[in-house]
Every structure is written in C-alpha cells, then in structure tokens.
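Chemist: Structure provided below as structure tokens; questions to follow.
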Amino acid sequence: MDSFISRDLENYIQNHSSGESEVLQELRKIAREELNMPDMICGPQVARFLQMLIKLGNCRRILEVGSFIGYSAVAMAEAMSEGKLITLELEAKYAAISAPVFSRPEFSSKIEQRMGPAAKSINRLNGKFDLIFIDADKISYPEYYHKTFPLLSDNGLMIFDNMLWRGEVVRPESEEAEVISQLNKTIHNDERVSCLMLPVRDGLMMVMKR
Ligand SMILES: C[S@@+](CC[C@H](N)C(=O)[O-])C[C@H]1O[C@@H](n2cnc3c(N)ncnc32)[C@H](O)[C@@H]1O
C-alpha cells in the first residue's frame, strides 16, 4: 500500500501541489521500487509542508529523529537558507543510501547524520533546535518527546509523523497504536505546550511551547 487515503485523492492532492526536486524523486523511487518500502518516507505532502514551515520560520537548526534513506532530511535541507540539520539513524543499510546524497555539495555543509540508537544520540546533543521532526520507531516516541523537549527553542516547533497510525489511534489494537494514542493524550494534557493535530497523510502532531 502506497497511500494512506484513496489513490484518486492522493493523485489529486499531488497534482495540485508543487512537485518535488529531482533528488527527492530519486529517493522516493528507491523507497518504492528498490526497497519496496514506499510508506517509510514522509512523502511529498509532508515534505512540502515541512519546507514551507522551515522557510516561514527561517529555521536554522533542525533535528530529525529517523533518517531512513534521507528523503525528509533532504527536503528540509532544501528549504534551509543556511544552518545545520542533524539527522539520527540506527541502520547502516539505510545510511549507505543516504550518505552519497548527503555528501553532495548542496547538502554537505547542511546535513549531519549521527548513527546509533536515537535515544543515545539525543543525550549527546547540545543547543536548541527551531524544528524537531520525530519519525523513527513509534514505541520510543514518548521517550523522544521527553528527551527532545528541553532542546526545543522557545518559538520552535516539534512535529511527530504517523500520529493517526492509519486511523487506528481511535481504537488501538496494536502496541504502536496504543503508544501513539497515549502520547497524543500526554501532549494534549501537557500544560507547557499548545498542540495541533493535522490529518496530513498519516497524521502530524504539531507542538509548540506556550
Ligand atoms: C519512518 S522512517 C524515517 C523516514 C524519514 N524521516 C523520511 O521521511 O524520509 C524511520 C527510520 O527510523 C529508524 N529507526 C528506528 N529505530 C531507531 C532508533 N532506535 N534510533 C534511530 N533510528 C531508528 C529506522 O531505521 C528508519 O530508517
């Protein structure tokens, strides 16, 4: 399954949104055709949405938890006028695909990838981030929330992907859906933040400090 909504609607949305750069098209093709994992990347709509937010907020320090083959990292780097994006990944096999892209001249000074379990990499981070995009193992999302919150700048934005878990959050049956559903409640009840859930693709939870 390559889509979270009907194929017709997906095509309609894509046909009425600005297209991806060539490098993003290449990475999406790899995810779909070589790895047979089309749903692992955040996809064109989320990518464009992130790009618009980055430009609007003039984000200069970005943290991504979960690089996969670099699709969203490249999309975000494309939108940064200057600054640094740190992206965290566990699996060397995915980094083998993203590394040659990250080392292209247009991205090499902007994207830094750190390998290993994200929870450990987060412990070693310093400074504040204007945007934190969480898109790794869902079971660890609550841990990523608590660990990265102190790293969010005062006007920064934290975005979690897949927060509708294909709609299963309404009546969770899997462990992932249960964890995500609990986290949605935790964030909603967290008096330190204001939050907004958007039904973009598989659901984005956007979080800002009050
Ligand atoms: C959904 S994919 C990320 C997709 C990417 N953000 C994009 O849109 O192109 C999730 C990634 O998180 C990685 N991951 C899973 N568990 C992890 C962990 N404990 N630490 C770091 N990365 C992890 C997976 O290997 C996978 O590449």
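Chemist: Please work out which residue is surrounded by the fewest Cβ atoms within 10 Å (Cβ to Cβ), limiting yourself to the stretch 28-87 and to residues that are out of contact with any strand residue (DSSP E or B) (no Cβ under 7 Å at 6 or more places or on another chain) and of a type in the set (S, T, N, Q).
Modeler: Among those that are out of contact with any strand residue (DSSP E or B) (no Cβ under 7 Å at 6 or more places or on another chain) and of a type in the set (S, T, N, Q), it is Asn36.
Chemist: Go through the stretch 33-80 and give me each residue that's assigned to a loop (DSSP other than H, G, I, E, B), more than 11 Å from the ligand (Cβ to nearest atom) and among the hydrophobic types (A, V, I, L, M, F, W, C).
Modeler: Cys59, Met80
Chemist: Now, a different point. Output the number of the condition that Ser140 fails; it satisfies all remaining conditions of (1) among the hydroxyl-bearing types (Ser, Thr, Tyr); (2) crowded, with 17+ Cβ neighbours inside 10 Å; (3) without any contact (Cβ under 8 Å) to a residue 12 or more places away in the chain.
Modeler: Ser140 satisfies every listed condition except (3).
Chemist: Determine whether the stretch 123-132 contains at least one residue that is crowded, with 16+ Cβ neighbours inside 10 Å, of a type outside the set (Val, Ile, Thr) and free of Cβ contacts under 8 Å to residues at least 60 places away in the same chain.
Modeler: No.
Chemist: Within the stretch 81-106, how many residues are of a type in the set (D, E, K, R) and more than 9 Å from the ligand (Cβ to nearest atom)? Lay out the reasoning, then the answer.
Modeler: Here is the first cut: in the stretch 81-106, the ones of a type in the set (D, E, K, R) are 82, 84, 89, 91, 93, 104, 106.
With the extra rule that they be more than 9 Å from the ligand (Cβ to nearest atom), the set shrinks to 82, 84, 104, 106.
Here the count works out to 4.
Chemist: Conditions first: (1) modelled with pLDDT of 95 or more; (2) more than 16 Å from the chain's Cα centre (by Cα); (3) surrounded by fewer than 21 Cβ atoms within 10 Å (Cβ to Cβ). Leu196 passes all but one, so which condition is the exception?
Modeler: All conditions are met except number (2).
The values are calculated or read from the model by the stated rules, or taken from the named source; none is laboratory data. Since this is a predicted model, take the numbers as computed values, not measurements. Counting neighbours? That spans all protein chains shown, and the Cβs are built from the backbone with ideal geometry, glycine included.
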